[in-house]
Every structure is written in structure tokens, then in C-alpha cells.
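Everything on this sheet refers to the single structure shown next.
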């Protein structure tokens, strides 16, 4: 009798180890074990130049993927003042969504699909810079004026005029400041050119990422 009881107890103790087998057999592709949920977000391109668009997209991974309303929220610079809802979209059959935005300053984006919330995605916005020169083939020692615009307006901001060195690195050779030009700001600086060179201008501020103009080649001759 004691031996039969001991065998029964051992059998009961071994029973739970066999339970996960049937549970695993019920798993189907796309099923979220334990009800796990997630909501992703990514921006492309980033950073963007002021006035350009970025696409914010991601995927909702829940038991119900299709037809779910996703709300886009943004927190523009200065960060931490609170986010606001700016747009909504509906997920497709795979749970995918997308938004197209043109942020005017550095902005943190996030999405929610109640009760799921995504991580944050920072999109930096570069200052749009332009560069013109009064003469691209000056005589050696000739005075050449560099001028252009920066958008949006950043009156008083320092603009660095840079020349590419023999190593390929750009080195600042002159500085000037931006002045009022209605919706944008403008700069102008003249100096003498003594040799060939490739030039660009750049500027940055706390609310915008560093902007770069297209480079211009000056061919100095005698």
C-alpha cells in the first residue's frame, strides 16, 4: 500500500511538466504570446532641411492590427513644454501607418494607439543656407563678395565661411552675421582671394541643426 501511494505521488508531481506541450501546439503565426503589444515609429529622412518633408511610419503589433486609429503627437523645440496631437491615421491589414510632416524646428514625434504608446523619434531640421559669389574666376588678390540667405530667419546668428583644406576638411576662414531679410535672414562678406579653393557657408542654432550651403569653386588666375 505504501509503495502504491508513493508511485501515485511521483506521477502527480511529474504531470505539470507535460502541460506546456499542448499550449505550444496552439500557437499560430502572428499571435502575441501573453498579449504582448508594441507600436514602433521611425522618421525618414532625418535630419531634413527647413521646408522639406519627412515621413513618420511604423507598425502596430497587437491582436487587432487593421483599422486601428493612430494619433501623431509632436513636441517642437524647446522640448518639454508638452506634446500636442497633430494628425491621425488608420492602420492597414499589417498594422502599418504613416504620416508626412514638414517640421519647422527640431521636433520630437511620437504616436499612440490607445493604450499603446511608441518611443520618441527626434527629427532635426537644418537651416537652409545659400551661397553666391560676385566672381567665381577672380584675379589673384581680387576682392570677392560672398552672400546668401538663411531660412528661417535667424537675425544676428554667426555665419562661418569655410574653405576646404588639402585634407578635405573644411576650415573657417571668415565670419559674418545674419541680418533681417523679411521671411529669412541674409549675410554678405567680402575678402580677397589669392588662390583656387572650394568654399561653403554654415550656421546652426539651438532650435535648428547645422545647415550647409552647396559648395562653390573659385578659380583664381593672374
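The values are calculated or read from the model by the stated rules, or taken from the named source; none is laboratory data. Predicted model only: the values in this text are computed from it and were never measured. All Cβ positions, even for glycine, are placed from backbone atoms using ideal geometry, and neighbour counts span all protein chains on display.
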Tally of residues being surrounded by fewer than 18 Cβ atoms within 10 Å (Cβ to Cβ) and farther than 30 Å from residue 79 by Cβ across the range 186-213:
10
Within the set of pairs 6+ apart or on separate chains, which have a first residue in the range 34-55 that is at pLDDT below 95, a second that is part of a loop (DSSP other than H, G, I, E, B) and crowded, with 16+ Cβ neighbours inside 10 Å, and C-beta atoms under 7 Å apart?
37/62
Just wondering, is there one or more residues in the range 189-205 that are at positive phi and not in a strand (DSSP E or B)?
no
Would you mind stating whether residue 148 is more than 19 Å from the chain's Cα centre (by Cα), surrounded by 17 or more Cβ atoms within 10 Å (Cβ to Cβ) and closer than 21 Å to residue 196 by Cα?
yes
Hits in the range 94-137 - residues which are in the same structural domain as residue 186 (by TED's automatic domain parsing) and surrounded by fewer than 16 Cβ atoms within 10 Å (Cβ to Cβ)
132, 134, 135, 136, 137
Matching residues, the range 130-181, being out of contact with any strand residue (DSSP E or B) (no Cβ under 7 Å at 6 or more places or on another chain) and in a strand (DSSP E or B):
180
